Ligand SMILES: [Fe+2]
């Protein structure tokens, strides 16, 4: 079994294209997408079309949900991006294309369960909205509550910070584990990182390959400036959304 786990594309077509090419080069046919296809970035329609085409399992992210329904708890920059994204989804392409995109978003599940693996956007406790940050390993109550909801493995995104959380309350960044982790009998949570807006100070796109019991964190270079320039040219997308891509923050 070989599968790519991608998340948090955030309408970044250049990053998504580079990741899809990397996935193809390794002859991986199965892709799971853990949400936030849209929001922040300049190409929501194009990214959604690619996910519809290539992903076998897709989970609803909070930004996908915000484009569909009334956004809740978003800061002004994110909120403006949500409204701009909605306009694009409502107005780009012929009506069958538009309907296909909305129907797809509207039917996305919040969780997916594959035997011993759970797939969510945020956390096992609150699948769409809860953040699990590396520093949460110091919050024993939170860790215990999350792990009590996981059979064996939980794959998630949302924070844009890749790594592995273990039940002995440790967080391992990809660099610390040489980009590889072997799944065993212990419970773990895996953040697969972000394709289109990494926030771990590495601007390269991030995703995970699962091959049987081995996870590999992949970093893929793409031309960040192309995406940033598109963002700068769109009034409703704040310039900081382009700036942050360059620093991976
Ligand atoms: Fe996100």
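We did not get these values from a lab; they are worked out from the coordinates using the rules stated. Here the structure is a predicted model, which means the values were calculated and not measured. Reconstructed Cβ throughout: ideal geometry from the backbone, glycine too, with neighbour counts over all protein chains shown.
A few points about this structure:
- In Å, descending, principal axis extents of the Cα set of the chain: 49, 35, 32
- Projected onto planes of every orientation and averaged, the convex hull of the alpha-carbon atoms in the stretch 125-249 covers 8.3 nm².
- Inter-centroid distance (Cα atoms) of the stretch 98-119 relative to the stretch 1-41, Å: 15
- Shape summary: the stretch 1-116 maps onto an equivalent ellipsoid whose semi-axes, from the alpha-carbon gyration tensor, are 23, 16, 14 Å in decreasing order.
- With Cα atoms, 0 to 90° folded angle of helix 95-106 axis to the chain main axis: 30
- Taking the number of Cβ atoms within 10 Å of each Cβ as an exposure proxy, the fewest-first ranking of 128, 216, 58 is 216, 128, 58.
- Largest-first principal axis extents, alpha carbons of the stretch 1-47, Å: 32, 18, 12
- Sequence-separation-based contact order of the chain, relative, with Cα cut under 8 Å and 6+ spacing, percent: 23
- Neighbour counts of other Cβ atoms within 10 Å put 9, 98 in the fewest-to-most order 98, 9.
- For 240, 189, 1, 143, order by how many other beta-carbon atoms lie within 10 Å, fewest first: 1, 240, 143, 189
- Zero-based 10 Å bins, Cα pair distances in the stretch 46-180, whole percents: 11, 35, 32, 18, 4, 0
- 0 to 90° range, to nearest 10: angle between helix 76-91 axis and the chain longest Cα axis: 60
- With Cα atoms, 0 to 90° folded angle of helix 13-25 axis to the chain main axis: 50
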